[in-house]
Amino acid sequence: MPSFMRLMNVITRCGAIYRAERLGDAGLGESHHSFIIMLCRHPGISQECLSRKLFLNKSNVTRALAQLENAGYVTRVPSEEDRRVMLVFPTEKAYGILPLVRETLKSWRDYLTEELSDGEKAALDSILPKLASRAAEYAKISEEAYSDPEGEGGGV
């Protein structure tokens, strides 16, 4: 049987393919959905905070935001309190694509869990947050950084 990590990687990579097929025409890459969700939920968030919440290094966040800015999904402005801090805001285009992003994430989850019983789905919903909490504990990341109260899969 494949290892736990191998199975997690298969799910992650296939999810990226699924999102690319459904969101590619909108100019969104495999991890851009996370930015759209997080920015629409937290308009004006700093790039540094966004980096922490999405578990991405700062250079990857900067690169992704440049792509999203070029595609018209975000704007970045310096903070009035500290000009070195860049604040990121979703545009109307980002808010407009948000329903498609949410539906794409929901349909992927529905596809993955289609053959699971209600009990198995409940167990999965109970187990995954525990695993995420353990992982975040190891990485010294607060639960607030990764919690997803709306269940939209905002992470990568």
**OP:** Go through (1) touching a helix residue (DSSP H, G or I) at 6+ places or on another chain (Cβ under 9 Å); (2) under 16 Å from GLY29 (Cα atoms); (3) of a type in the set (Gly, Ala, Ser) one by one and return the number of the condition ALA66 breaks.
**Re:** (1)
Original post:
Which residue pairs have Cβ atoms closer than 6 Å, lie 6 or more positions apart in sequence or on different chains, and pair a first residue in region 26-55 that is free of Cβ contacts under 8 Å to residues at least 12 places away in the same chain and of a type in the set (A, V, I, L, M) with a second residue that is crowded, with 17+ Cβ neighbours inside 10 Å and assigned to a helix (DSSP H, G or I)?
Top reply: none
Subject >> Single condition VAL88 does not satisfy, out of (1) surrounded by 12 or more Cβ atoms within 10 Å (Cβ to Cβ); (2) at pLDDT 95 or above; (3) part of a helix (DSSP H, G or I) >> reply: (3)
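Table: residues versus (1) modelled with pLDDT of 95 or more; (2) among the hydroxyl-bearing types (Ser, Thr, Tyr).
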{"residue": "ARG41", "(1), (2)": "yes, no"}
{"residue": "LEU56", "(1), (2)": "no, no"}
{"residue": "LEU68", "(1), (2)": "yes, no"}
{"residue": "SER79", "(1), (2)": "no, yes"}
{"residue": "LYS93", "(1), (2)": "yes, no"}
Original post:
Take the residues of region 1-29 that are within 19 Å of ARG102 (Cβ to Cβ) and among the charged types (D, E, K, R): which is farthest from the chain's Cα centre (by Cα)?
Top reply: ASP25
**OP:** Would you point out the residue of region 62-80, among those that are in contact (Cβ under 8 Å) with a residue 24 or more places away in the chain and of a type outside the set (Phe, Trp, Tyr), that is surrounded by the most Cβ atoms within 10 Å (Cβ to Cβ)?
**Re:** LEU68
Original post:
Exactly one of (1) touching a strand residue (DSSP E or B) at 6+ places or on another chain (Cβ under 7 Å); (2) closer than 16 Å to TYR111 by Cα is unmet by LEU39. Its number?
Top reply: (2)
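The values are calculated or read from the model by the stated rules, or taken from the named source; none is laboratory data. Model, not experiment: these values are computed from the prediction. All Cβ positions, even for glycine, are placed from backbone atoms using ideal geometry, and neighbour counts span all protein chains on display.
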